[in-house]
Amino acid sequence: MPDEQLKLPGCSYERLTQIIQGYGHSQGETSLEEVARAAGIDKFEISRNNTFLSAVGLIEGGKKKALTDKGRALALALEHSMAGEVQRAWLKVVEESEFFRRVVAAVRIRKGMEESTLLAHIAYTAGMPKTQKTAVGAAAVLEILKASGHLTERDGQYVVQLSLANEGAESEASQAPPPPPGPLPPAFPGAVSLPLRPGVNVVLHLQVACQPGDLDTIGPKLAKLVDDLRKLAESE
């Protein structure tokens, strides 16, 4: 099911990053006019993108807005062209956005999507109509997912390159080796437990019939028998 109209970006990815950097020139809440001057972009274009930037947690506020901690980290990384930091900043945005998580999950479940199918799915997930503006916004979202490292293009399809946080933990748990077998139950008197291999044991029940005169020597003989059996089991 699509989200209830998450408004997609109203411009390209490159333009969107310019707007984020424009916000980064202010230390607190700032007006559209101030962001427009800093970014060199018309204030109406900035206004068209504020809804998306707010929805994914990059800006906050009322009439005047300011970058969140996530937004400020991203703006600084973009301004200094720090590729690794830019990826980490977008990674945090994607991981904490239900919208982005649903898009990544859809690609993972389908084991890849062609670009046209993926763009259509992004628009559908956002609950947006099929228009040229929607197509531009969906393309910007795809670039964000690529920049975060979650999606990459391979053999004409976009596939998931990084697992989402929860999925990664579940995957590691499913691939972990089984726990070692617990301690063996104690053998009752007259029983000898022989481990053949990890998790597999054979219990031998010994019944001894002897004359009274053999009682002094039966103990060492039984001990040697048990020791020989253990060595035999360990050599298998």
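Tabulated data
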{"read-out": "Residue in region 42-56 that is part of a loop (DSSP other than H, G, I, E, B), more than 25 Å from the chain's Cα centre (by Cα) and surrounded by fewer than 17 Cβ atoms within 10 Å (Cβ to Cβ) present", "value": "yes"}
{"read-out": "Enumeration of residues in region 112-145 that are outside any helix (DSSP H, G or I) and touching a strand residue (DSSP E or B) at 6+ places or on another chain (Cβ under 7 Å)", "value": "Gly112, Met113, Glu114"}
{"read-out": "Options Arg37, Arg101: the member that is in contact with a Leu (Cβ under 8 Å, 6 or more places away or on another chain) and not polar (S, T, N, Q)", "value": "Arg101"}
{"read-out": "Residue check, Ser81 under 30 Å from Gln157 (Cα atoms), of a type outside the set (A, V, I, L, M, F, W, C) and not in a helix (DSSP H, G or I)", "value": "yes"}
{"read-out": "Residue under evaluation Gln27, criteria (1) at pLDDT below 95; (2) closer than 21 Å to Cys11 by Cα, criterion not met", "value": "(2)"}
{"read-out": "Enumeration of residues in region 19-73 that are aromatic (Phe, Trp, Tyr) and without any contact (Cβ under 8 Å) to a residue 24 or more places away in the chain", "value": "Phe44"}
{"read-out": "Only listed residue being within 26 Å of the chain's Cα centre (by Cα) and surrounded by 14 or more Cβ atoms within 10 Å (Cβ to Cβ), chosen from Leu16, Leu32", "value": "Leu16"}
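The rows are residues; the columns are (1) of a type in the set (Asp, Glu); (2) out of contact with any helix residue (DSSP H, G or I) (no Cβ under 8 Å at 6 or more places or on another chain).
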position	(1), (2)
Lys70	no, no
Leu78	no, no
Phe99	no, no
Arg102	no, no
Glu115	yes, no
Thr125	no, no
Lys146	no, yes
Leu151	no, no
Leu162	no, no
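The values are calculated or read from the model by the stated rules, or taken from the named source; none is laboratory data. Computed from a predicted model, the values in this text were never measured in an experiment. As a convention, Cβ positions derive from the backbone with ideal geometry for all residues, glycine included, and neighbour counts pool all protein chains shown.
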